[in-house]
Amino acid sequence: MLRASVIVFPGSNCDRDIKVAIERITGAPVNMVWHGDASVPVSDFIVLPGGFSYGDYLRCGAMAAHSPIMRDVITKAKAGTPVLGVCNGFQILCEAGLLPGVLMRNRSLKFICRDVDLCIDNDTSYFTRAYRKGQVIRVPIAHAEGNYFADEVTLDLLEAEGRVVLRYCDADGEASDASNPNGSQRNIAGICDETGRIVGMMPHPERLYEATLGGIDGRRVFESAVVGFAEAMG
């Protein structure tokens with residue numbers, strides 16, 4: 001049976017949402033792991049959920065990245081355990097050095113909470129393999145610091161290695177300044193590491209995974225993990 005773990009930080013507010021989404025899609029119970037714990041149970045994948053860990057003091061995700069549990073998350077991630085960071089979880093992955101770049105204040109300096117169109121740029125990562133490259137999906141965002149920034153060398157490397165997994169776009173899949181809600185460089189909404197197993201994304205797939213929520217475009221993020229688990233089991 002698939003084993004997933006969700007890390008819970010003080011200020012997390014999407015931990016239960018993503019737990020329920022995973023359980024309903026996979027049919028397997030999810031471990032909820034407290035930030036102060038020393039280790040994560042053996043897991044097929046780990047999730048860093050959205051919210052406002054440690055009240056977003058210093059920088060978003062900066063304090064959470066140094067939580068006791070993150071030492072084991074980093075160790076397991078580097079050993080091959082897939083890790084998904086959503087919104088604040090993406091910020092934590094960057095602050096922990098598992099993904100490059102940083103998430104800054106939205107260029108509007110305002111909190112944004114609405115559905116956005118996204119283009120799937122990478123359909124081979126652990127958490128996007130159930131989509132198809134070029135597919136346009138609609139998933140909610142809810143953040144004040146979602147403006148992705150990295151130096152040009154890093155951005156060029158991400159592009160060259162196909163590590164941009166999601167990009168803000170319009171309904172036709174065109175990435176433009178008009179379709180960029182927060183000022184992210186190159187309309188980047190999500191990236192992965194060199195292996196494709198560590199993925200960070202600002203949109204919230206757990207908020208749109210079944211019809212009763214208004215759509216299912218986020219569902220395949222979790223179905224992708226099921227595919228990866230099935231492949232690992234042979």
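The values are calculated or read from the model by the stated rules, or taken from the named source; none is laboratory data. Everything numeric in this text was worked out from a predicted model, so none of it was measured. Virtual Cβ from ideal backbone geometry, glycine too; neighbours counted across all protein chains shown. Areas reflect the complete protein model, heavy atoms only, side chains present, ligands, DNA and RNA absent. Shrake-Rupley method; radii C 1.70, N 1.55, O 1.52, S 1.80 Å.
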- Message: Looking at the stretch 188-203, can you tell me whether even one residue there is surrounded by fewer than 23 Cβ atoms within 10 Å (Cβ to Cβ) and farther than 16 Å from THR124 by Cα?
- Response: no
Given the condition of a type in the set (Ser, Thr, Tyr) and touching a residue at least 60 places away in the same chain (Cβ under 8 Å), answer yes or no: does some residue in the stretch 71-84 qualify? yes
The condition from (1) within 22 Å of ARG24 (Cα to Cα); (2) at pLDDT below 95 that HIS204 misses is numbered (2)
In the stretch 156-172, anything farther than 13 Å from ASP121 by Cβ, hydrophobic (A, V, I, L, M, F, W, C) and assigned to a helix (DSSP H, G or I) is listed as LEU157
Of the residues that make up the stretch 147-161, is at least one within 15 Å of the chain's Cα centre (by Cα), surrounded by 19 or more Cβ atoms within 10 Å (Cβ to Cβ) and farther than 19 Å from ASP172 by Cα? yes
Over the stretch 55-71, the set of residues surrounded by fewer than 18 Cβ atoms within 10 Å (Cβ to Cβ) and either of a type outside the set (Ser, Thr, Tyr) or within 14 Å of ALA38 (Cβ to Cβ) (or both) is GLY55, LEU58, ARG59, HIS66, PRO68, ARG71
Within the stretch 31-45, residues being touching a helix residue (DSSP H, G or I) at 6+ places or on another chain (Cβ under 6 Å) and closer than 17 Å to GLY228 by Cα number 2
Selection over the stretch 128-146 where residues are in a loop (DSSP other than H, G, I, E, B) and within 22 Å of SER67 (Cβ to Cβ) yields a count of 3
Worksheet item: Restricting attention to the stretch 38-47, does a residue exist that is within 18 Å of the chain's Cα centre (by Cα) and of a type in the set (S, T, N, Q)?
Response: yes
Going through the stretch 94-113 in order, the residues found to be open to solvent by less than 90 Å² (accessible area, probe 1.4 Å), assigned to a loop (DSSP other than H, G, I, E, B) and not aliphatic (A, V, I, L, M) are GLY97, PRO100, GLY101, ASN106, SER108
Those residues of the stretch 8-52 which are farther than 20 Å from PHE127 by Cβ and hydroxyl-bearing (Ser, Thr, Tyr) amount to SER39
For the stretch 93-103 the number of residues that are of a type outside the set (D, E, K, R) and free of Cβ contacts under 8 Å to residues at least 60 places away in the same chain is 3
When restricted to LEU208, LEU213, LEU166, the only residue out of contact with any Pro (no Cβ under 9 Å at 6 or more places or on another chain) and among the hydrophobic types (A, V, I, L, M, F, W, C) is LEU213
